[in-house]
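The structure under discussion appears below in the form of structure tokens.
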Amino acid sequence: MTLSPILTIAWKDVLSEFRSRETLSAMLIFCLIVVVIFNFVFEPGSEIVREMIGGILWVAITFAGILGLNRSFIYEVDQGCLLGLLLCPVDPHVIYYGKMLGNLLFMLILEIIILPLMVVFFNLNIFHILLPLWVILFLGTLGFSAVGTLLSAISVNTRAREILLPVLLFPIAIPILLAAVKSTSQLINSGQFTETLAWIKILAGFDIIFLVLSGLLFEYVVED
């Protein structure tokens with residue numbers, strides 16, 4: 001499997017998004033709403049905020065990610081481009097990894113924007129743990145994007161695709177979300193990367209499982 005076709009498909013999605021700015025705008029607005037609502041509920045800088053911040057962060061990322069994943073295959077299906085992608089002289093799993101990489105990039109861009117906002121809104125001091133925190137964010141987002149891209153391809157051809165995707169995705173993504181929330185909360189509260197290693201290993205393990213299985217199953221999902 002060569003990297004060039006994967007990057008080409010991902011670049012196509014990136015160009016399409018930056019021309020329309022529909023997906024990232026919707027994701028960002030949703031994240032802002034979540035952050036503002038929780039900011040009204042909890043006093044910034046309080047102890048309960050430090051205990052809850054991992055869950056708040058991943059609630060914003062998860063539900064905003066659902067919005068992005070829902071639109072992952074909508075353009076291809078609605079405009080009849082999915083068949084063109086499948087007719088390209090590449091294996092179906094190459095298309096999957098290209099689409100998954102595009103979804104991953106969109107979610108990471110969102111996190112780059114939303115994390116500083118959460119620092120300001122909740123009066124957090126996380127500068128000393130930024131590097132390990134981004135390791136956790138990347139691994140959690142990677143696993144979520146991996147399984148979400150596959151399930152998006154399943155749900156896009158149904159009438160209730162906006163409802164079906166979260167119904168399918170959340171039960172399967174529970175190990176990823178649980179490990180991501182636990183590791184994020186432990187890191188922010190303790191400030192010690194070593195205390196989160198067990199959860200990070202779980203994250204990495206499920207990332208590998210979801211990436212491999214989703215790539216293998218994608219061919220059977222998109223075939224007529």
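What follows draws every value from the coordinates through simple rules; no lab data is involved. Source: prediction; values computed, not measured. Counting neighbours? That spans all protein chains shown, and the Cβs are built from the backbone with ideal geometry, glycine included.
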*Virtual spin-label span in nm between GLU47 and GLU195, 7 Å along Cα→Cβ*: 1.4
*Out of LEU15, LEU150, LEU165, any idea which swings most in a Gaussian network model of the chain, alpha carbons joined below 10 Å?*
LEU15
*Which ³J(HN,Hα) values, rounded to whole Hz and listed in residue order, are derived for the stretch 200-211 from phi using the Karplus coefficients 6.51, -1.76 and 1.60 in 6.51 cos²θ - 1.76 cosθ + 1.60 with θ = phi - 60°, glycine and proline given as x?*
5, 5, 5, 4, 4, x, 5, 4, 5, 4, 5, 5
*Against the longest alpha carbon principal axis of the chain, how many degrees, from 0 to 90 and to the nearest 10, is the axis of helix 161-190 turned?*
30
*Take the Cβ-Cβ distance between LEU216 and VAL120 as r, set R0 to 30 Å, and report the resulting FRET efficiency rounded to the nearest 0.05.*
0.10
*Could you go through the stretch 24-33 in sequence order and give the Karplus-derived ³J(HN,Hα) for each residue, using 6.51 cos²θ - 1.76 cosθ + 1.60 with θ = phi - 60°, rounded to whole Hz, and x for Gly and Pro?*
4, 5, 5, 5, 5, 4, 4, 4, 4, 4
*Positive end of the charge dipole of the chain (Lys, Arg +1 and Asp, Glu -1 on Cβ, about the Cα centre): tell me which of GLY215, PHE144, CYS88 has its Cα farthest that way.*
PHE144
_Could you tell me how far the Cα centroid of the stretch 117-195 sits from the Cα centroid of the stretch 1-37, in Å?_
16
*Placing +1 at every Lys and Arg Cβ and -1 at every Asp and Glu Cβ, with all other atoms neutral, what dipole size does the stretch 3-222 have around its Cα centre, in debye to the nearest 20?*
140
